[in-house]
1. With the cut-off at 1.5 for a/c, could you classify the protein assembly as shown from its C-alpha gyration tensor as rounded, prolate or oblate?
2. If I take the rotation axis that carries chain B onto chain A, which residue of chain B has the nearest beta-carbon, and at how many angstrom?
3. From the phi of every residue in region A:42-53, what ³J(HN,Hα) in whole Hz does the Karplus formula 6.51 cos²θ - 1.76 cosθ + 1.60 yield, where θ is phi - 60° and glycine or proline is x?
4. Provide the net charge surrounding B:VAL291, with neighbours chosen by a C-beta distance below 9 Å and charges set as Lys +1, Arg +1, Asp -1, Glu -1.
5. Taking a threshold of 21 Å on the Cα-Cα distance, which of the pairs A:LYS79/A:LYS261; C:LYS100/D:LYS100; A:LYS33/A:LYS96; C:LYS263/D:LYS263 fall above it?
6. Does region C:127-254 come out rounded, prolate or oblate, given a ≥ b ≥ c as the square roots of the eigenvalues of its C-alpha gyration tensor, rounded meaning a/c under 1.5 and, failing that, prolate meaning a/b above b/c?
7. One decimal, nm, shortest first: give the distances between the label point of A:ARG254 and those of the same position in the other copies, each label point 7 Å from Cα along Cα→Cβ.
8. Ranked by Cβ crowding within 10 angstrom, fewest neighbours first, how are A:MET269, D:MET211, B:MET1 ordered?
Amino acid sequence: MDIKREDLVQLYYYLRLTRRLEERFTSLYHQGKILGGAWTSNGTEAVSVGYGYALKREDIAAPYFRDMGVFLVRGITPKRLMAQYLGRKTGVTGGKEGNVHVGDLNFGVIGFPSHLADNYPVGAGVALAFKIRGEKRVVAACTGDGGTSRGDFHEGMNLASVRKLPIVFICNNNQYAYSTPLQLQMAIKNIADRSLAYNIPGKIVDGNNVIAVYTAAKEACEVARDGGGPTFIECKTMRMHGHSEHDSAKYVPRELLEEWKKKDPILHMENYLLEGSISTREELEDIDARVKKEVDEAEAFAEESPYPDPEDCLKGVYATPL
Amino acid sequence: MDIKREDLVQLYYYLRLTRRLEERFTSLYHQGKILGGAWTSNGTEAVSVGYGYALKREDIAAPYFRDMGVFLVRGITPKRLMAQYLGRKTGVTGGKEGNVHVGDLNFGVIGFPSHLADNYPVGAGVALAFKIRGEKRVVAACTGDGGTSRGDFHEGMNLASVRKLPIVFICNNNQYAYSTPLQLQMAIKNIADRSLAYNIPGKIVDGNNVIAVYTAAKEACEVARDGGGPTFIECKTMRMHGHSEHDSAKYVPRELLEEWKKKDPILHMENYLLEGSISTREELEDIDARVKKEVDEAEAFAEESPYPDPEDCLKGVYATPL
Amino acid sequence: MKEITYLEAIKQAMDEEMTRDPGVFILGEDVGIFGGAFRATEGFLEKYGTWRVIDTPLSESGFTGAAIGAALAGMRPIVEMQFADFITCSFDQLVTVAAKNHYRWGAATPIVVRAPCGGNIHGGPFHSQCIEGYFFNVPGLKIVFPSTVYDAKGLLKAAIRDNDPVIYCEHKYLYRRIKDSIPEEDYVVPIGKARVALEGNDVSVITYGAMVYTALEAAQRLKEQGCSVEVIDLRTLLPLDNKSLFDTVKKTNKVVVLHEQTKTGGVGAEVSALINEYCFDYLDGPIIRIAAPDTPVPYSPPLEEAFIPQVKDVVFAVEKLMRY
Amino acid sequence: MKEITYLEAIKQAMDEEMTRDPGVFILGEDVGIFGGAFRATEGFLEKYGTWRVIDTPLSESGFTGAAIGAALAGMRPIVEMQFADFITCSFDQLVTVAAKNHYRWGAATPIVVRAPCGGNIHGGPFHSQCIEGYFFNVPGLKIVFPSTVYDAKGLLKAAIRDNDPVIYCEHKYLYRRIKDSIPEEDYVVPIGKARVALEGNDVSVITYGAMVYTALEAAQRLKEQGCSVEVIDLRTLLPLDNKSLFDTVKKTNKVVVLHEQTKTGGVGAEVSALINEYCFDYLDGPIIRIAAPDTPVPYSPPLEEAFIPQVKDVVFAVEKLMRY
Ligand SMILES: Cc1ncc(C[n+]2csc(CCOP(=O)(O)OP(=O)(O)O)c2C)c(N)n1
Ligand SMILES: Cc1ncc(C[n+]2csc(CCOP(=O)(O)OP(=O)(O)O)c2C)c(N)n1
Ligand SMILES: [Mg+2]
Ligand SMILES: [Mg+2]
């Protein structure tokens, strides 16, 4: 697939933005400014940026909780996200929800409900709506390796396959579900093999290569858009931080982390852009400066934003209150 | 596998007994004596008889609702079963439950809870107990083709595969889930392919051939007993009655039924026994006469049995009442 | 006007809404080819096609989740549970996803889940349950439970047009047992409004579903004894219509709450607590709850009869209150 | 005697029971290698091995079902939910299978499901819920909810030794916030018995879980005003200890019910209804319920504070009752 220079540069920008924004969340969490917990996608940003970028404006994403890149790519601003993390009224959910539990249909993003893989059937349902209405739209739903052991994974995949729905199922295989390594989660080597049970094509991609993820997702989107049905894409990557920012992840062998560190997705993309003379060191530094500024501004915005009013607690339970 | 003559004759006896007993249920249902509903395994008896017979005394079965053969093979008497269907105090569950919802741990049979595939994780748990205690025992859990689309199918299979539990998963693929044909249930041709997602060997057997089912189940049991982990066995057969005895099953093409009728499992076994000179027409007729007598006696026993007392309604909610 | 059954009313409501709004569609087990286990969607497949009458794989969580997704994408799905009992399998999708979408991130989830529930049909523990208790402590859901042919149609239409997830409990015992003639024109019965099923002055029996008929029969018997019973049919269980509750209490000062759902943690507990809290000074006696005992629904007829509240139980409770 | 935390008490209970009875084992997500998200099973894997401390795949329904199966085969499994909120995924196994096995076909299902629940920890809608309301209308289950270090240990031991499925609610806010010294010898706290947390004469506050401390603090403040509050800690929610409820009502004649669970359909409704039904003549005022509002648990601190019942709410209610 031929990718335009501007897209490649954008992919780099979003990788950087995702990384820097989440790093800021981490530091704010350690400062006690983000309460409860903070999860980052550190080391796996290429997955969310890659598949998020593969979607068209009219498409819909049903991300999971390490998909910061999807929010950003789809246009939810760092300001609103930062305010979300700080529990402010200006956050994406006005303080009702915390951190990664972000959803906004104006940006085609479905809110992640914590319970892993619940979004697989939900995603299938969005695709069903497109199919019923005869729209050429696609949905992408993502979960972790852990999430693929849940019943809803099975029911969502199966339903989508029977009806050949326009959906791309993504799996962020970052080797662990919290502390649980793959071999305690499943008896298969490749999660892509799960798709054999549904006659859904199962692809395996390098989850640290944003271009590979983007390309595979884009192709799968086009297949789905053309009535070819679902694809399952396993993105092999590695969670480089703890499960959440309070977890030191002692259960992960240091060597494993060392090995994956060399494959850092940002580094990888940087090299690709520079070695192929697609971009210059200068341009990339400019991008990084822009990103830093955006993150700083986001933090300032959030810090200045008011908390929601206590009475807001009672509002919004129903769309049609009685 | 070499099967002893007496076992072959017993298999025939149980096929016959299952068929006749269920035929009686059907007729009692139409007489209004069995209330609510009646489901039979008509045409698929070789599945439950075959895998039930493969279990040893100390093994456990977690059957589903077309597994009358399992109850019988494991020694639950036609009398108690008939009383169960007629809602009598002498029934297996004393009137608390109806019809096929039979369980009795004294006979190593776990009660089927209606909700299809719930027994897959439950079966895995029984196997887990055996494994923890280091016992050389095996469990067999069965569901229909329909049940394989449920999340619990996935979660049970996956858990069993990760821990290599001593379990044999059986699927009675009788082509339909109520009115829903296979192609609206799954995008794969063979249900056995579902097992690829778990690295569990998936076998396909002729579900109308009791010897084939028995042999496959027996082999799988021995693999499991020896620590080799689970096997999944798809038994291809055909539901010859409606979903329940009130359903005329107009949605099933007549030709399909005609075709399968020729493969009737009892006829098949009869021919096998006679053509191989393993048994004689006389012996088989004797068996049938014995079976008829048993069913008649069961009916008489049940009809004479009292109904439970209304106060029994309040008893038995807890094993340890407060 | 021709008389139709409760079941036919349900069917008509769906049919008319599907004709009116292309966003309405149905999914569930055997709703298409077979027309539904209870025939509520008979002929729909032919009329609306395989994309609006969807025979799903056997997977309650999956198809409920799919309904939620379709709703988020602008559709108005109707989910049919084959029996209400199987809704346990989609509990997570309903409670975690559907109920909380709007509060959490502002997205409306207009789905209707039809739940054929209730006993008296010899269905045993898994084909007889009332399931409102599972969802009654879940903010964000609405629960309705019609008892009449008129309400069966009007509440279903209201549920389909509502922007929130609605669990529509339909009592299997009533399907073909009650008939009525209803208006030919389009109408809805608003969610959140109880109904006075029978006016009376001495004691209020607050109930819903098939038990409305038990209450009415008890009222009839009590009338012969000179006792005037008011029967309130809640119709909507979540959120409850507090005003109607309080109005009847203020009038009669004596209350019996009656339901087929098991007693502990049932809707009756909430009704009782609300009345106690807000109408304490109007109460001339304890609020007596009549409900199924805290057991699964047994199969055998004598047991099931002991399980399901009977007319005599209501009469007995009212008499007790009258003596108070 | 050394002081230990509520969390340590939970850990000790499991450890001692696992040592005492080889049938006891633990399964759930991250309970082995990691020692549990809250460290309740730290060191257990090393001590008891991979077959008694089982890191499961992420599959609540699957491992709850497996626990049920193991229990049927004679074991006594303890299931750890990582957060109580995820119990929605195993609702079907608990309600359909575990709760009904014994009634339906006479098989005991001795499982314990540990459910780390409750708010005040900035967990948002999915890491803060109280889940007792989901199961409170399910005959066949038992639900306990300790508030003290002593009870945390004693009730967990009782739950493990009990032959029925027990949902053991443990409040995350209490894990490391309360400490006490408890007996070194083996003891159990019987299931089904409430406890008088504070004796008093004027008003009863009936509560459980972390709200016990809210009630005690309110009682302290009210004492300064000359009002003597009795605080009842329910400890077991299902089945309720009716006698203890009725005893306190007969003594004080005024009742506040307090819980962190949302109001409609909460345990408080049942408590209120029971008291109304059986102690009506002893009541000198309405039963006031203080509970979380009918919303999901919001994340942002001002919202969460508005959500969780506060000391001042209890004081206000008691004052109102005192004026009655
Ligand atoms: C149904 C469910 N059970 C438990 C949890 C708690 N939990 C949160 S993240 C996590 C591990 C997830 O692993 P994986 O799916 O691989 O995603 P990753 O965190 O590795 O990206 C667990 C167990 C959850 N979110 N959902
Ligand atoms: C979870 C669940 N949903 C719905 C039902 C209602 N139901 C009973 S049998 C049946 C069809 C079952 O099909 P299959 O698994 O193929 O078994 P078969 O009846 O063909 O033997 C359905 C939908 C059920 N028992 N369990
Ligand atoms: Mg992972
Ligand atoms: Mg079938």
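1. rounded
2. B:GLY151, 1
3. 2, x, 10, 4, 5, 5, 5, 5, x, 7, x, 6
4. Net of charged neighbours comes to +4.
5. A:LYS79/A:LYS261; C:LYS100/D:LYS100
6. Prolate is the answer for region C:127-254, as a/c is 1.5 or above and a/b outweighs b/c.
7. Those label-point separations list as 7.9 nm.
8. Ordered by Cβ neighbours within 10 Å, fewest first: B:MET1, A:MET269, D:MET211.
Coordinate-derived values only; no laboratory data. Since the model is a prediction, treat every value here as computed from it, not as a measurement. Glycine gets a Cβ as well: all are built from the backbone with ideal geometry, and neighbour counts include every protein chain shown.
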